[in-house]
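First up is the structure itself, then whatever we jot down about it.
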Amino acid sequence: EDVAAEKSARQAIGRSEEAYAKAAAVLTSHAKGRPDLETLAAKLPSAQDAVSQKVRSVIEQVENAEYDRARSAVFKELLPMQREIVSDLARLAGLTGELAQKRADTAESGAARALNQMAVVLVVTLFAGVLAPRYGWPLPKLEQWRCTMAQALAMSLPGSLDNAAAAL
């Protein structure tokens with residue numbers, strides 16, 4: 001029964017190492033060009049290797065009935081190593097969360113610009129395609145068009161007139 005448990009523990013360590021190596025490879029590829037992420041990407045695999053080696057050492061100590069020594073290694077060496085990895089992973093999660101937020105903000109800004117451009121196209125199309133030909137409205141010259149939203153956004157003000165006025 002003990003032999004089966006030890007074998008199972010070793011197999012679990014092997015699976016964990018494989019999964020961690022795959023995750024580390026993905027992290028490394030995504031971290032390129034981002035020094036803060038590159039540092040963590042380089043540090044985490046070696047930290048996990050040290051944990052795996054320590055776990056194997058503890059298993060051997062248990063197999064040799066060195067229970068006190070194994071217990072001491074777990075509490076004095078293994079747990080601090082794992083805490084450091086957890087801390088690094090939390091830092092990584094924070095950094096990637098910030099990066100995701102920046103990307104979301106950029107996407108939102110791009111979507112807002114696209115929506116504004118669509119509104120301009122709609123108004124020009126409405127004038128040129130409906131109001132001028134059907135109802136005889138005069139078609140303004142290009143230099144007569146003004147977009148206060150575009151002007152406000154160019155000055156880093158909110159795009160809506162209400163919000164731009166409040167900001168001023």
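The values are calculated or read from the model by the stated rules, or taken from the named source; none is laboratory data. Note that this is a predicted model, so its numbers are computed, not measured. Cβ placement follows ideal geometry from the backbone for every residue including glycine, while neighbour counts extend to all protein chains displayed. These accessible areas exclude ligands, DNA and RNA; they are computed on the full protein's heavy atoms, side chains included. Shrake-Rupley method; radii C 1.70, N 1.55, O 1.52, S 1.80 Å.
Looking at 59, 85, just one residue is touching an Asp or Glu at 6+ places or on another chain (Cβ under 8 Å) and either part of a helix (DSSP H, G or I) or under 25 Å from residue 32 (Cα atoms) (or both), and that residue is 59.
Scanning the range 105-139 for residues that are at pLDDT below 85 and either of a type in the set (Asp, Glu) or open to solvent by 60 Å² or more (accessible area, probe 1.4 Å) (or both) yields 113, 117, 120. When each of 33, 97 is tested for being part of a helix (DSSP H, G or I) and out of contact with any helix residue (DSSP H, G or I) (no Cβ under 7 Å at 6 or more places or on another chain), the lone residue that passes is 97. Sort out which residues of the range 140-162 are open to solvent by 100 Å² or more (accessible area, probe 1.4 Å) and of a type outside the set (S, T, N, Q), and write them in order of number. Listed by number, the residues that qualify are 141, 142, 143, 146, 155, 161, 162. For residue 111, the requirement of being small (Gly, Ala, Ser) and closer than 30 Å to residue 30 by Cβ is met. Out of 12, 25, 73, one residue alone is at pLDDT 85 or above and surrounded by 14 or more Cβ atoms within 10 Å (Cβ to Cβ). It is 73. Each residue in the range 125-166 was checked for being part of a loop (DSSP other than H, G, I, E, B) and of a type in the set (Phe, Trp, Tyr), and 2 pass.
Select, from 52, 46, 57, the only residue that is under 36 Å from the mean Cα position of the chain (by Cα), closer than 19 Å to residue 11 by Cβ and without any contact (Cβ under 8 Å) to a residue 24 or more places away in the chain. Step by step, each of 52, 46, 57 is checked, and only 57 is under 36 Å from the mean Cα position of the chain (by Cα), closer than 19 Å to residue 11 by Cβ and without any contact (Cβ under 8 Å) to a residue 24 or more places away in the chain.
Criterion first (acidic (Asp, Glu), open to solvent by 100 Å² or more (accessible area, probe 1.4 Å), assigned to a helix (DSSP H, G or I) and at pLDDT 90 or above) does residue 68 satisfy it? It is true that residue 68 is acidic (Asp, Glu), open to solvent by 100 Å² or more (accessible area, probe 1.4 Å), assigned to a helix (DSSP H, G or I) and at pLDDT 90 or above. The set of residues from the range 48-65 being surrounded by 13 or more Cβ atoms within 10 Å (Cβ to Cβ) and of a type in the set (A, V, I, L, M) comprises 50, 51, 55, 58, 59, 62. Right, residue 39: open to solvent by 70 Å² or more (accessible area, probe 1.4 Å), under 29 Å from the mean Cα position of the chain (by Cα) and free of Cβ contacts under 8 Å to residues at least 24 places away in the same chain or not? Yes: the conditions hold for residue 39.
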